[in-house]
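Have a look at the structure below before the remarks.
The values are calculated or read from the model by the stated rules, or taken from the named source; none is laboratory data. Please read all numbers here as calculations on a predicted model, not as lab measurements. Here the Cβ is made from the backbone with ideal geometry for all residues, glycine too, and neighbour counts use every protein chain on show. Only protein heavy atoms, including side chains, enter the accessible area calculation; ligands, DNA and RNA are left aside. Shrake-Rupley method; radii C 1.70, N 1.55, O 1.52, S 1.80 Å.
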Amino acid sequence: MATVADLKGEQPASFYLKVTVALEGSYRCRATTGGSTAVSNSIKLTVVTPASNTRVTSEPYPPVAYEGSCIELSCSATKGSHLSYTWFFNRKEVTSSTSPLFHHTGNKLVMGKVTPEHAGYYSCMAWSTVQDTRRFSSSFEVKVTVKVYVSKPRISFSISNPGASPSGNVTCWSTRGSPPVNISLLLDDKEVGSVTATESLAAWFSVAVVLGLDMGTLRCRVNTEVQKLMSEPLTLEVVPVGGDVKVEVEYLYRADSKLTAARLSCGVSRGTFPEYSWLLNDSVLPPETHRDSHIQPDPPHYALTDHRRILVLLKVGPEESGYYRCRARDSYNDSGYWVESEAVQVQVTGLFCCTKESSQSILGRPELMGPSVALVKSIADFHCKLEIYPKNVMILLELYKEGDRGKVLGWYTSLNGEVANFPIVVQPNHEGNLECVAKAQNNSDIEPTVSYTQYLKVLEPVKEAEIVVHSGPEEFFEGKTLELYCKLSAGNHVSYTWLLNGRLVSPSRLPYVVDDHLLIYRTTSEDSGSYMCIATNHLNETDVFSSNSPEVLITVKDLVSIPYISFTVLKEDSHNYSAVVACQTAKGSPPVTFSLYNRTELVANTTVDDRNATFKLPLVLDRPMGWLQCQANNGDRIEYSQWIPLEVVPVGGPVTMHYDYDIGENYAVIDLRFYCKAPKGSFPRYQWFLNKTLLHGRGSFYYVVNQHPGESILMLSVGRSSAGTYHCEVSDSFDNATTISSKRLYMDKEVLNRLPVLVVAVVFGCFTALVVLVSICCCNGVIYRRRQYGEKTPLSFEMEGMRTAYEDELDLSEYNEDTDVLNTASGAEFDQASEASVDEWPQIEKEKKTLEDEPVDGP
């Protein structure tokens, strides 16, 4: 991968690599010195690529499935490695507490057998961590829909008489399921109507009826993409009320055999839709609708149940004694005739019976049942049931909101455990805990009891969402605060989603979102765009209400940055020149007004739909024309450039050229740099020449770098192509009238690598002096040894010493030479090694010449 030479030894080697995915793997370091090599342990480099463009995909797609099916969500990123994944369900992280609903493995979230609880909005976050830094990428939300299988449909019909003849209204509905469903009405197995219900599970049909005639058999059919269900059959026949009408009386007693109430029931021999009315002594009893009237402030002494078919006398006394009759007529015909029963006398005196069985005298806790959530203005049915109650005692069941016993939401009289039904038209103030109170009528000995509370959530569907800009205008400059409010004409229990240009508002910008408010401090131009708020509330898993606001366009304009000022010179003719001044800003929303000042004097200004402008001024060469400054303004503030002098000096003076170079491993010059500079000139233009050939920009062996206006540099790779005579020329960039040339300089690799004459003279002079000194010493030594040893010369000792040392047979104990002889032998060994180095020199020179002749690419 890389090599580092450690010339000093025992120094750590550092390798710097630009990290790419290809570099991931195990690394070893190998150290080599001489003939020895050692390899380090291995370390593993893990290259982490941050995640980007994360999205959620599903199987099946789109993520819509029926309960009991399997849905698999996958979190995938366009880019990223070594990723971890976090899942969110309805904007809450999927954790161990929610794990029974989900199976999280790798980048997948698996729901084995989905239920309505799995329905909602899912998103994922792919993230990776390097040391303590986490990088993440979040996906958009994906809505998972879990469809509920439709229950067996039910059927009913009623009669209305808007015109001369009655008409039948058939209702088909299912108690559970996911719309849309197709609901059809069959008459004698033939389809007579069909409706696609998209928001509910009910449909209504009109059918023709003839009174007293069997019109056939009705059925409701519900079709979905996976189901086909039929209701029970219903005979379409409307029988007018007629025949005998009879009243039956039942007296109700307390445990002590005291009469407490009387129950009168009205029976009619025929009639499909009867309407009942009661008379006491030929006076019509007011119906239930009059009970809350201000005309009758006292509590009623009677109650009507079962669509007024049953009359219960809550108090039996002289006032209630008399002759009772009931009558019936068709409920769909207000002008129809009444069929009356015979009068039945209710007499209090003597009505005692001691044969009644003993009954309980306590009340159990009533059980309240009903929906936990209901739409506002819809009808919600609550039921209150008693398991323990006194026999033959009239029990009053009342529905209250907890803590508010002053207002009865509904009341019902029950005898012998009859389940109370409280249909109420839901209003927003009904939200809260409801309770059912049971108490015995006209019997203070039995203690009232209260049911456990049941919470009712009242949902008002969202309507007409719109965005209100609380912070002010919709167009403003960056740095200000943007505050948006999502206003609704109706709706509660609402969750809000904010979109910018059709995408969720990015959490990376850290906006402050609280319910229906979006607040962004220190806005930038990235916050510009079309904003939309989506208000949503849920009745249940399938009934979701939403309202999208119209888009509001917010424009955040960039402030102008500090402008940059510069100018160039334009030659008009041989004697006239102009300065073209350029003003520009790096940022700022147009239009931008640029003003040019010369000291305190406004020279010119202009407004442009861009971020740069130019001004043209007259110019006299070689004369100070003042100081210039640009001012930029795009409506919120003014920014000022630095001051620059308006003065143009023509080129002049002698042009100098010098060079330096780089030396390679073989001590040869490999790179050469020429420097050209003129002492005067505001806008000089430099040109380089090789053997009178102009060198432009970059070539195979050269590269021109102009450090305007100081100097120009010509960089060369030394080789055969670069040999020749070099010089540079300087002229004004706006005028070629004056051109100044430098001296010419010849360069090739032999000239660059040749030693200077003075250096050669000094080296050889020193060497000659050293040879002379050594020769004089040798001569004196020979004369001295001849005198001391006679005919045996010192030279013969040196040669012998050399041979003996070479053959490695020298025994110093047999000789008595002094120290000088030993020193001479050591010197002989040194000379031998030096001669060997001289023998290798031609090979070194050959390698050096080969390296110098190799072509070198330009930088």
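Table for the structure above
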{"quantity": "Candidates Ser42, Ser36, filtered to the one that is of a type in the set (S, T, N, Q) and touching a residue at least 12 places away in the same chain (Cβ under 8 Å)", "calculated": "Ser42"}
{"quantity": "The stretch 1-55: number of residues that are aliphatic (A, V, I, L, M) and in contact with a helix residue (DSSP H, G or I) (Cβ under 7 Å, 6 or more places away or on another chain)", "calculated": "3"}
{"quantity": "Any hit, the stretch 215-233, residues being in contact with a Cys (Cβ under 6 Å, 6 or more places away or on another chain), at negative phi and among the β-branched types (Val, Ile, Thr)", "calculated": "no"}
{"quantity": "Filtered residues of the stretch 392-412 (kept if out of contact with any Ser or Thr (no Cβ under 8 Å at 6 or more places or on another chain), among the hydrophobic types (A, V, I, L, M, F, W, C) and open to solvent by 20 Å² or more (accessible area, probe 1.4 Å))", "calculated": "Val408, Leu409, Trp411"}
{"quantity": "Neighbours by Cβ (under 9 Å, 6+ apart or cross-chain): first from the stretch 50-61, closer than 12 Å to Lys79 by Cβ; second among the charged types (D, E, K, R)", "calculated": "Pro50/Lys79; Pro50/Arg135; Ala51/Lys79; Ala51/Arg135; Ser52/Lys79; Asn53/Lys79"}
{"quantity": "Test for Tyr16: is it without any contact (Cβ under 8 Å) to a residue 40 or more places away in the chain, open to solvent by 60 Å² or more (accessible area, probe 1.4 Å) and within 18 Å of Val146 (Cβ to Cβ)", "calculated": "no"}
{"quantity": "Subset of the stretch 25-40 [part of a loop (DSSP other than H, G, I, E, B) and closer than 16 Å to Phe15 by Cβ]", "calculated": "Arg28, Cys29, Ser40"}
{"quantity": "Lone unmet requirement of (1) among the aliphatic types (A, V, I, L, M); (2) without any contact (Cβ under 8 Å) to a residue 60 or more places away in the chain; (3) more than 27 Å from Ala374 (Cα to Cα) for Leu236", "calculated": "(2)"}
{"quantity": "Among (1) at pLDDT below 90; (2) among the charged types (D, E, K, R); (3) closer than 23 Å to Thr305 by Cα; (4) open to solvent by 70 Å² or more (accessible area, probe 1.4 Å) - the single one Lys377 does not satisfy", "calculated": "(3)"}
{"quantity": "Qualifying residue in the stretch 746-763 (condition: closer than 30 Å to Arg685 by Cβ, in contact with a His (Cβ under 8 Å, 6 or more places away or on another chain), at pLDDT 85 or above and surrounded by 11 or more Cβ atoms within 10 Å (Cβ to Cβ))", "calculated": "no"}
{"quantity": "Number of positions in the stretch 449-475 that are closer than 26 Å to Ile388 by Cβ, of a type in the set (S, T, N, Q) and open to solvent by less than 50 Å² (accessible area, probe 1.4 Å)", "calculated": "3"}
{"quantity": "Scan of the stretch 156-199 for residues that are modelled with pLDDT of 85 or more, of a type in the set (S, T, N, Q) and under 27 Å from Ser331 (Cβ atoms), ordered by number", "calculated": "Ser156, Ser158, Asn169, Thr171, Ser174, Thr175"}
{"quantity": "Where a residue in the stretch 467-480 is within 17 Å of Arg522 (Cβ to Cβ) and in contact (Cβ under 8 Å) with a residue 60 or more places away in the chain and its partner, wherever it lies, is in a loop (DSSP other than H, G, I, E, B) and of a type in the set (A, V, I, L, M), with Cβ under 6 Å and at least six apart", "calculated": "Phe477/Leu559; Glu478/Leu559"}
{"quantity": "Matching residues, the stretch 549-576, being in a strand (DSSP E or B) and either in contact with a Leu (Cβ under 9 Å, 6 or more places away or on another chain) or within 30 Å of Asp735 (Cα to Cα) (or both)", "calculated": "Val552, Ile554, Val556, Tyr564, Ile565, Ser566, Phe567, Thr568, Val569, Leu570, Lys571"}
{"quantity": "Flag for Glu435 being open to solvent by 20 Å² or more (accessible area, probe 1.4 Å), farther than 19 Å from Ser378 by Cα and either among the charged types (D, E, K, R) or not in a strand (DSSP E or B) (or both)", "calculated": "no"}
{"quantity": "Answer from Phe594, Phe615 - the residue that is surrounded by 15 or more Cβ atoms within 10 Å (Cβ to Cβ), in contact with a Cys (Cβ under 6 Å, 6 or more places away or on another chain) and in a strand (DSSP E or B)", "calculated": "Phe594"}
{"quantity": "Residue satisfying all of: in the stretch 304-348; part of a strand (DSSP E or B) and basic (Lys, Arg); surrounded by the most Cβ atoms within 10 Å (Cβ to Cβ) among these", "calculated": "Arg329"}
{"quantity": "Strands (runs of 3 or more DSSP E) lying entirely in the stretch 59-147 (those with 2 or more residues that are among the aromatic types (Phe, Trp, Tyr) and modelled with pLDDT of 85 or more)", "calculated": "84-89, 120-130"}
{"quantity": "Among the candidates Tyr66, Tyr61, residue that is open to solvent by 60 Å² or more (accessible area, probe 1.4 Å) and closer than 28 Å to Thr497 by Cα", "calculated": "Tyr61"}
{"quantity": "Search result, residues across the stretch 670-684 that are under 17 Å from Gly724 (Cα atoms) and surrounded by fewer than 18 Cβ atoms within 10 Å (Cβ to Cβ)", "calculated": "Asp671, Arg673, Tyr675"}
{"quantity": "Leading residue by the ranking (nearest to Ala65 (Cα to Cα)) among those in the stretch 149-193 that are open to solvent by 50 Å² or more (accessible area, probe 1.4 Å) and touching a residue at least 60 places away in the same chain (Cβ under 8 Å)", "calculated": "Tyr149"}
{"quantity": "Residues located in the stretch 685-704, provided they are within 16 Å of His658 (Cα to Cα) and either open to solvent by 40 Å² or more (accessible area, probe 1.4 Å) or in contact with a helix residue (DSSP H, G or I) (Cβ under 8 Å, 6 or more places away or on another chain) (or both)", "calculated": "Gln687"}
{"quantity": "Selection status of Ile713, open to solvent by less than 30 Å² (accessible area, probe 1.4 Å), closer than 30 Å to Lys571 by Cα and in a strand (DSSP E or B)", "calculated": "yes"}
{"quantity": "Qualifying residue in the stretch 689-708 (condition: under 30 Å from Tyr597 (Cα atoms) and not in a strand (DSSP E or B))", "calculated": "yes"}
{"quantity": "Test result for Pro650, within 30 Å of Phe615 (Cα to Cα) and touching a Ser or Thr at 6+ places or on another chain (Cβ under 9 Å)", "calculated": "yes"}
{"quantity": "Of residues in the stretch 507-521 being surrounded by 12 or more Cβ atoms within 10 Å (Cβ to Cβ) and at pLDDT 75 or above, the one farthest from Asn492 (Cα to Cα)", "calculated": "Tyr521"}
{"quantity": "Those residues of the stretch 194-229 which are farther than 22 Å from Ser167 by Cβ, touching a residue at least 60 places away in the same chain (Cβ under 8 Å), surrounded by 16 or more Cβ atoms within 10 Å (Cβ to Cβ) and hydrophobic (A, V, I, L, M, F, W, C), in sequence order", "calculated": "Val222, Leu229"}
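Conditions tested, residue by residue: (1) over 45 Å from the mean Cα position of the chain (by Cα); (2) of a type in the set (Phe, Trp, Tyr).
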{"position": "Thr606", "(1), (2)": "no, no"}
{"position": "Thr614", "(1), (2)": "no, no"}
{"position": "Arg623", "(1), (2)": "yes, no"}
{"position": "Trp627", "(1), (2)": "yes, yes"}
{"position": "Cys630", "(1), (2)": "no, no"}
{"position": "Arg637", "(1), (2)": "no, no"}
{"position": "Trp643", "(1), (2)": "yes, yes"}
